[in-house]
Amino acid sequence: MIAKDIFIILVLGIAYFIAARFGLAFDAVSGFATMVWPPTGISLAVMLLFGYRVWPGIALGAYAANVSVGASLFVAGGIAFGNTMEAIAGVYLLRRFTNFDTTLQHLQSVLGLIFYGALLSTLISATIGVASLWLGGVVAASALVDTWTAWWIGDMLGNLIIAPFLLVWWFPWRFYMPKNFIGWLEAVGIVAVLALFNFLMFGPLHLTQLRPFIYILFVPLLWAAIRFGQRIMT
């Protein structure tokens, strides 16, 4: 068990480092806050699946990533602490206040992930991380609000986009196959509607007048999720 835990921690640390360097390469605010932060979703998903004991992987990955882009040891340590506590708090809140199901098959689990995982726990990393940047002289007082906002939104989107994807695809699953002509017609129809609408709106024609109707896409998407499963959506 110890060898397995060490392996998971090392893999998590490496995955966090790679995802962090990838995220920081895209116009980071103040050099450290991005509008989408994939490592947050990776951390939350892995800790939900394997427990609190994998926290060193988050700390090591975050610390190494921030040092590698020029952060001082103090600043990198503060950011790593915030990122680690964020994941721990997210898992604790989900387990304490919801009957969380890692397969996300129940509405309570989905709403809990949105509220406790994305909205609340991410406040920790944003606050501690930006405070570390300010105390380390990296961010001026005038840039604190913009940096904190970008950090929080980035972590929030990381938990909303990456964590569900990893959780849903972790467990064994058999793809739904239509059993008759009507089923195949239904599947082809969903794909055709989505493809046509995206072509008209985002393709060469670029019919911007259709933008008020973009939410219509939720109808075939919801139908696809109900009929073909969550993985089609992720």
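The values are calculated or read from the model by the stated rules, or taken from the named source; none is laboratory data. Predicted, not measured: the structure shown is a model, and the values here were computed from it. We place every Cβ from the backbone using ideal geometry, glycine too, and count neighbours over all the protein chains shown. Calculation scope for accessible area: heavy atoms of the full protein, side chains included, ligands and nucleic acids excluded. Shrake-Rupley method; radii C 1.70, N 1.55, O 1.52, S 1.80 Å.
Using θ = phi - 60° in the Karplus curve 6.51 cos²θ - 1.76 cosθ + 1.60, the 3J(HN,Hα) couplings for segment 9-19 round to 4, 5, 5, 4, x, 5, 4, 4, 4, 5, 5 Hz; x is entered for Gly and Pro.
Between amide H atoms placed 1.01 Å from N, distances below 5 Å from Thr34 occur with Val29, all of them 5 or more places distant or on a separate chain. Within the full protein context, the accessible area of Phe7 is estimated at about 130 Å² for a probe radius of 1.4 Å.
Here the Karplus relation 6.51 cos²θ - 1.76 cosθ + 1.60, evaluated at θ = phi - 60°, turns the backbone of segment 183-193 into coupling constants of x, 5, 5, 5, 5, 5, x, 4, 5, 5, 5 Hz, with x for every Gly and Pro. Heavy-atom accessible area, probed at 1.4 angstrom with all protein chains present, ranks Asp146, Asp155 as Asp146, Asp155, highest first. Note on surface exposure: Tyr16, Tyr92, Tyr116 rank Tyr92, Tyr116, Tyr16 by accessible area, highest first, 1.4 Å probe.
The heavy atoms of Phe181 offer some 150 square angstrom of accessible surface to a 1.4 angstrom probe.
The amide H of Val138, built 1.01 Å from its N in the peptide plane, has no neighbour under 5 Å, considering only residues 5 or more places off or on other chains. Of Trp152, Trp37, Trp134, the residue with the largest accessible area leads and the full order is Trp134, Trp152, Trp37 (1.4 Å probe).
The Cβ shell under 12 Å around Ser43 holds other residues with a net charge of -2, Lys and Arg each +1, Asp and Glu each -1.
Please state the equivalent ellipsoid semi-axes for segment 6-149: what are the square roots of 5 times the Cα gyration tensor eigenvalues, largest first, in whole Å?
Over the Cα atoms of segment 6-149, the semi-axes work out to 26, 17, 12 Å.
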